[in-house]
1. Taking the Cα centre of the chain as the origin, how large is its charge dipole in debye, to the nearest 20, when only Lys and Arg (+1) and Asp and Glu (-1) carry charge on their Cβ atoms?
2. Using 27 Å as the Cα-Cα cut-off, could you pick out the over-long pairs in 110/181; 25/219; 112/185; 112/270?
3. Taking K and R as +1 and D and E as -1, what net charge do the other residues with C-beta under 13 Å from the C-beta of residue 69 add up to?
4. What angle, in degrees between 0 and 90 and rounded to the nearest 10, separates the Cα long axis of helix 86-95 from the longest principal axis of the Cα atoms of the chain?
5. Kindly report, to the nearest 10 Å², the accessible surface of residue 199 as traced by a 1.4 Å probe over protein heavy atoms only.
6. Could you work out the per residue convex hull volume over the alpha carbons of the chain, in cubic angstrom?
7. Evaluate the Kirkwood expression for the hydrodynamic radius of region 32-113, namely the inverse of the mean inverse distance over all pairs of different C-alpha atoms, and round to one decimal in Å.
8. What size of dipole, in debye to the nearest 20, comes out for region 205-288 about its Cα centre when the only charges are +1 on Lys and Arg C-beta atoms and -1 on Asp and Glu C-beta atoms?
Amino acid sequence: APRVLSGIQPTAGSFQLGNYLGAVKQWVAMQDDHDAFYCVVDLHAITVEQDPKELHANTLLAYAQLLAAGVDPDRATLFVQSQVPEHAQLGWVMQCITGFGEANRMTQFKDKSARGGSDHASVGLFTYPILQVADILIYQADAVPVGEDQRQHLELTRDLAQRFNSRYGTTFTVPQPFIVKDTAKILDLQDPTAKMSKSLPHGAVFLLDDPKVIAKRLKSAVTDSETEVRFDPDTKPGVSNLLTILGAFTGRDVESLVLDYDGKGYGALKGDAAEAVVAFAQPFAARVAELQADPAELTRLMGAGAAKAQAVASTTLATVYERMGFVAAR
Ligand code: TYM
């Protein structure tokens with residue numbers, strides 16, 4: 001079966017709607033017919049300052065959310081990045097074949113460092129995409145299910161895989177991004193020109209929030225000054241985003257939804273979107289709470305996942321080290 005790898009940061013506490021629709025929902029769908037590796041990327045999280053207690057709790061919480069969303073540890077290898085040290089080891093090697101200018105073109109660094117003031121940005125935030133490259137290449141992934149915002153990092157991954165292969169001999173699979181067009185960029189509900197993000201909390205829907213809060217967020221979504229429900233991301237991004245969200249949670253296609261709202265206003269669309277998201281979020285949150293009540297079981301699953309992941313990662317790293325000319329310990 002083709003192999004997939006993807007990761008999610010544990011920083012936000014609750015996943016936001018965009019994480020789920022853009023990525024995690026695809027992870028769950030792909031685990032049946034792929035050899036799937038999914039991880040909570042705690043090493044990526046420390047590129048900005050983390051409170052240790054919060055990072056610890058959020059890592060368990062992220063893992064619980066992936067389980068609650070339907071990632072099955074029997075079908076997929078579900079693990080925590082820092083428990084597989086080969087990621088960081090390969091990350092260093094990949095840093096050494098990356099050009100400074102090449103790393104400097106990564107737009108997420110520019111956005112994130114601009115937000116905090118570039119004097120405060122860490123070197124780790126700058127090299128973040130190269131660690132991501134290692135996450136992917138160390139499993140020889142064929143495809144990487146992510147949202148649109150990760151496309152540039154996937155291009156870097158392909159470039160570095162090809163560069164390593166041509167310098168040191170074919171070693172890495174060159175992966176493809178797997179970006180589902182419809183849900184690749186869920187928009188901020190207050191500013192539908194921006195993507196939904198945990199860093200813009202007022203326009204985001206956090207799946208573990210109280211159902212009343214979730215419903216209110218959707219019902220107060222910014223739309224436009226017309227009244228007609230149409231799918232047109234360019235001129236009607238707010239309405240189109242609500243249609244995308246409603247469609248994704250109900251399994252209905254957007255064209256047929258549009259027909260339903262003929263003659264009805266935006267209020268009906270918002271109310272139905274709120275209902276559909278709550279219908280998912282409520283049992284999701286209940287399942288997360290159950291899983292969180294047994295942290296020993298979570299850490300046991302993490303350990304088992306890490307062992308499965310490490311078996312693959314260590315094989316790739318050994319090949320890489322040998323190709324580089326490192327003298328192996330005997
Ligand atoms: P992160 O933790 O920011 O987001 C996790 C996933 O959610 C997707 N996503 C969205 N999709 C659609 N609409 C949105 N508004 C939206 N917001 C977030 C992201 O595209 C992502 O797929 N660098 C990665 C984590 C990472 C990774 C990896 C991913 C580390 N190593 C290896 C894939 C492979 C990140 O920060 O994702």
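The values are calculated or read from the model by the stated rules, or taken from the named source; none is laboratory data. Just so we're clear, the structure is a prediction, and the values are computed from it rather than from any experiment. Note that we place each Cβ from the backbone using ideal geometry, even for glycine, and neighbour counts take in every protein chain shown. For the accessible areas, the whole protein counts, side chains as well, though only heavy atoms, and no ligand, DNA or RNA atoms are used. Shrake-Rupley method; radii C 1.70, N 1.55, O 1.52, S 1.80 Å.
1. Details: 30 positive and 39 negative charges, 131 e Å.
Roughly 620 debye, rounded to the nearest 20.
2. With Cα atoms farther than 27 Å apart: 112/270.
3. Values: positive: 25, 287; negative: 72.
That works out to +1.
4. That helix lies at roughly 80 degrees to the long axis.
5. Answer for residue 199: close to 50 Å² accessible.
6. Details: hull volume 47.8 nm³, N = 330.
For the chain, the hull spanned by Cα atoms encloses 145 Å³ per residue.
7. Working: mean 1/r = 0.0668 Å⁻¹.
It works out to 15.0 Å.
8. Numbers: 10 positive and 13 negative charges, 91 e Å.
The calculation lands at about 440 debye.
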